[in-house]
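Undergrad: Pasting a structure below so you can have a look.
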Amino acid sequence: MPAWRFIDLTSHVEYLSGVIDRTIRKEMHSQAAFFRAHDQARQALKEVIEGPDAHPDTIIRSVRENEGRLGNKLRGQFPQLEVPGVWEQVSRVVDEAFVVSG
């Protein structure tokens with residue numbers, strides 16, 4: 001009989017079990033919270049500006065990446081954001097969605 005036939009993989013299984021447990025309890029929970037916040041921000045943005053789903057997604061990403069500042073690329077892509085008060089409202093809506101959810 002080969003010596004490796006009855007190898008003890010207990011420590012490997014315990015480690016993998018820990019990784020799976022952490023993924024389910026923490027990582028998936030935080031990912032679900034992000035998706036809830038993103039969906040909430042998208043719905044709130046549709047109340048402020050009109051457009052297909054891709055537009056709010058682009059705006060949400062820009063608000064989060066630029067820390068609430070209106071970038072030149074977004075300004076050129078969505079001129080309606082330059083209307084006085086609109087960008088402030090958009091930024092506030094996105095911030096509130098992500099603060100509430102996580």
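What follows draws every value from the coordinates through simple rules; no lab data is involved. Fair warning: this is a prediction, and the values are worked out from it, not measured in the lab. Here Cβ is always computed from backbone atoms with ideal geometry, including for glycine, and neighbour counts include all displayed protein chains.
Undergrad: If the requirement is being under 26 Å from residue 64 (Cα atoms) and free of Cβ contacts under 8 Å to residues at least 24 places away in the same chain, which of these qualifies: 5, 25? Walk me through it before giving the result.
TA: On the way: 5 fails: under 26 Å from residue 64 (Cα atoms).
Among 5, 25, only 25 is under 26 Å from residue 64 (Cα atoms) and free of Cβ contacts under 8 Å to residues at least 24 places away in the same chain.
Undergrad: So, in region 28-46, how many residues would count as being touching a residue at least 40 places away in the same chain (Cβ under 8 Å) and of a type in the set (D, E, K, R)? Before the answer, list the steps.
TA: Our first condition is that a residue be touching a residue at least 40 places away in the same chain (Cβ under 8 Å); within region 28-46, this holds for 30, 33-34, 36-38, 40-41, 44-45.
Those left that are additionally of a type in the set (D, E, K, R): 36.
Within region 28-46, residues that are touching a residue at least 40 places away in the same chain (Cβ under 8 Å) and of a type in the set (D, E, K, R) number 1.
Undergrad: If a residue must be exposed (fewer than 13 other Cβ atoms within 10 Å of the Cβ) and either of a type in the set (A, V, I, L, M, F, W, C) or closer than 17 Å to residue 35 by Cβ (or both), how many such residues does region 49-102 contain?
TA: Going through region 49-102 one residue at a time, the tally reaches 6.
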